[in-house]
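To start, the structure itself, in C-alpha cells.
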Amino acid sequence: MSSIIGAASDIALVVSAEGIILSVVLNAQSDSFGNLKHWEGRPVVDFLTRECVPKFETAHEAYMAGEVPRKPLELNHSDNAVWQYPVRYTFHRFGQENAALLLGRDLRPIAETQQQLVQAQIALEQGYEARREFDARFRVLLANFDEATVFVSVRSGRVDDANEAAANLLGVKLESLKGSSFAQQFADRSNVELTESLMNATLSEEGGRVTLKASRGRQTLVVKPVVFRAGGQRVLLCRIASDEGTEKSPDVAAAQALDLFRTGSDAMIFMTGKGVITSVNESFLDVIGAAHLSDVVGRSFADFLGRGQIDLSVLTDHPKKGGQMRIYATKLINDLGARLTVEISATHLEEANDVVIGCVIRDVSRVEAARPQSSVPSPMAPESARNVMDLVGSASLKDIVAETTDVVEKMCIETAVELTGNNRVAAAEMLGLSRQSLYVKLRKYGLLSKNG
C-alpha cells in the first residue's frame, strides 16, 4: 500500500483526528523533498507557513464533520524556515478511524514557471518604459533643434519624421510634411533620382551635400544627408539649410564614372599597395553587410578574403608586375563569417607617388552552382595533352587516367607556387594541403629545387 500511495503522489501524509502526522510517504522517483521522517508524530501545522494554517484547519474540521473537501487544497510547507515549497493536497478516507489520507502534488515546477513569466513580464514592461523614455527624449530634442532636420526612408523616399524648422523652411505644415514624398518638396527631381543623389552624397569623405530648388518659394537649399540603419531599413538623416550660391556642374564623364562606381551592381574597392582599403561602393557594403563607409575604410582587404593575406598578396603583387590581373577566384567573408564565392579583377593605378589598386568583385555563387561540369576548360597545357594522347594504344585506360591526374596535379602545384611567389606555406594553404604533403609532391614532380 505504501508503494502504491508513493507512486500515485509526490508526497502523502496520514493525519490523525488531532492533526498529528502519523506517516509520511514520498515518491521514490523524487528526491527533492529530502528526508521527512522527523515530521511523523508532530502536528501538521508545525510544518505550514502562517497563512496556510487556517486553510488546513478549516479543511480538516470539515473532513472530521463528514464532509470530504472536493476541491484540492494548496498549502505552503516550511521546515525550520530553511525552505518553502507549495503542495496541492486532496483528502481521502483512510482505514484508520478518523484518519485522513492527504495525497499531494509538488507545485514547485509550476511556481518556478510562474516566476519566470512574471520576471519576463517585468522585463518587457521595463523595455517598454525605456523605449517611451527614449522616444520622449527624441521628440524634445527634435522639437528644440534649430536646424531643419528630416528623416527620410531610403526604400520609399517618404518623410518618416521632421521638425518644425524643416516645415517652415519648406513652406508646408508639419503634419503635411510627415508621410509625404520628400521629392515633392523640390523642383525637377523624381523620388528615385533624389534618393540616389542623397545616397551618393553620403559616400563622400568630405561630407556630401546636395543642392536643390524648393518647389515652394523657389529658393536654393542645401541638403546634407547621413545614412544609418534602423529596424532593418536604411534611413537618411537630412539637415537642410538655405544657400544662395550654386555649384558648378561637374565633368560629365567624371560624373558618369562616379555614378557607375557608386551605383554599379558589381562591388568595387580601391586599396593601397599594402592592401589598406581607401574607398568602396555601395554594392561592396551590401555584400559584407556593413552599414557605412567608415566601417570598411582603413581596414585591410585581407580581413574580407577567404585565404586572408595569401589572397591579398596575389591581388597586390601581380597587378604591380603586369599592370592588371583579369580573374582571380576566391571567397569573400563578412564580419559574421558568411562566405560568398567571387571572381576579382585587379588593376594597378598610377597616382603620383602612391600605388593604388582598383578591384572589381563579381558574385559568381549562382553562376558556379548552375555551371555544367563540361563548361570548365581543361587545365592541361597542349604539350601535356599530347603526351597523354600518345599513351592511347600503348597503355590501359586506367594507366592513362593516372597519368592525366599526375599532369593536372603537377600544373596546379606549379600555379600555386607561382601565384604565391614561391611561398610554399601559402601555396600549401591555397591548395588545402599540409606543408609535409606539399613537399612530398614537390619532390615527386621534381619541383623541389625550382625557384628555390
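Worth pointing out:
Conditions (1) surrounded by 15 or more Cβ atoms within 10 Å (Cβ to Cβ); (2) at negative phi; (3) in contact with a Cys (Cβ under 9 Å, 6 or more places away or on another chain); (4) modelled with pLDDT of 90 or more, marked per residue:
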{"position": "T202", "(1), (2), (3), (4)": "yes, yes, no, no"}
{"position": "G208", "(1), (2), (3), (4)": "yes, yes, no, no"}
{"position": "K213", "(1), (2), (3), (4)": "no, yes, no, no"}
{"position": "A230", "(1), (2), (3), (4)": "no, yes, no, no"}
{"position": "I240", "(1), (2), (3), (4)": "yes, yes, no, yes"}
{"position": "F261", "(1), (2), (3), (4)": "yes, yes, no, no"}
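- Within the range 164-220, the set of residues being under 32 Å from the mean Cα position of the chain (by Cα), assigned to a helix (DSSP H, G or I) and not β-branched (V, I, T) comprises F182, N191, E193, L194, E196, S197, L198, M199, N200, A201.
- The residues listed here are A111, A65; of these, the one that is among the aliphatic types (A, V, I, L, M), over 16 Å from I20 (Cα atoms) and outside the structural domain of N35 (by TED's automatic domain parsing) is A111.
- Hits in the range 137-154 - residues which are at pLDDT below 90 and either surrounded by 12 or more Cβ atoms within 10 Å (Cβ to Cβ) or of a type in the set (D, E, K, R) (or both): R137, R139, L142, F145, D146, E147
- Candidate set from the range 415-444 (those that are free of Cβ contacts under 8 Å to residues at least 24 places away in the same chain and among the small types (G, A, S)); member that is nearest to I310 (Cα to Cα): A427
- Taken as a whole, the range 94-110 holds no residue that is closer than 23 Å to F228 by Cα and exposed (fewer than 10 other Cβ atoms within 10 Å of the Cβ).
- If you check D311, D317 for being closer than 14 Å to C359 by Cα, of a type outside the set (S, T, N, Q) and in contact (Cβ under 8 Å) with a residue 60 or more places away in the chain, only one passes: D317.
- So S190, is it surrounded by fewer than 16 Cβ atoms within 10 Å (Cβ to Cβ), free of Cβ contacts under 8 Å to residues at least 24 places away in the same chain and not aromatic (F, W, Y): yes
Yes/no matrix, rows are residues, columns are (1) under 28 Å from I21 (Cα atoms); (2) outside the structural domain of S9 (by TED's automatic domain parsing); (3) modelled with pLDDT under 85:
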{"position": "E74", "(1), (2), (3)": "yes, no, no"}
{"position": "N80", "(1), (2), (3)": "yes, no, yes"}
{"position": "P86", "(1), (2), (3)": "yes, no, no"}
{"position": "E97", "(1), (2), (3)": "yes, no, yes"}
{"position": "L101", "(1), (2), (3)": "yes, no, no"}
{"position": "V118", "(1), (2), (3)": "no, yes, no"}
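- Answer from S300, S279, S283, S265 - the residue that is more than 20 Å from S204 (Cβ to Cβ), surrounded by 15 or more Cβ atoms within 10 Å (Cβ to Cβ), outside the structural domain of G171 (by TED's automatic domain parsing) and hydroxyl-bearing (S, T, Y): S300
- Filter result for L332 (within 23 Å of the chain's Cα centre (by Cα), part of a strand (DSSP E or B) and either modelled with pLDDT under 85 or among the hydrophobic types (A, V, I, L, M, F, W, C) (or both)): yes
- Filtered residue count, the range 263-281, keeping only those that are in a loop (DSSP other than H, G, I, E, B) and either under 16 Å from T316 (Cβ atoms) or at pLDDT below 80 (or both): 3
- Leading residue by the ranking (surrounded by the fewest Cβ atoms within 10 Å (Cβ to Cβ)) among those in the range 332-358 that are under 21 Å from A416 (Cβ atoms) and of a type outside the set (D, E): R339
- Restricting the range 303-331 to residues that are of a type in the set (A, V, I, L, M, F, W, C) and touching a strand residue (DSSP E or B) at 6+ places or on another chain (Cβ under 8 Å) leaves a set whose member that is surrounded by the fewest Cβ atoms within 10 Å (Cβ to Cβ) is I327.
- Elements of the type strands (runs of 3 or more DSSP E) sitting completely within the range 58-120 and holding at least 2 residues that are within 16 Å of L48 (Cβ to Cβ) and aromatic (F, W, Y): these cover 83-93.
The values are calculated or read from the model by the stated rules, or taken from the named source; none is laboratory data. This one's a predicted model, so the numbers in the text were calculated from it and none came from an experiment. With ideal geometry, Cβ positions are generated from the backbone for all residues, glycine too; neighbour counts draw on all protein chains shown.
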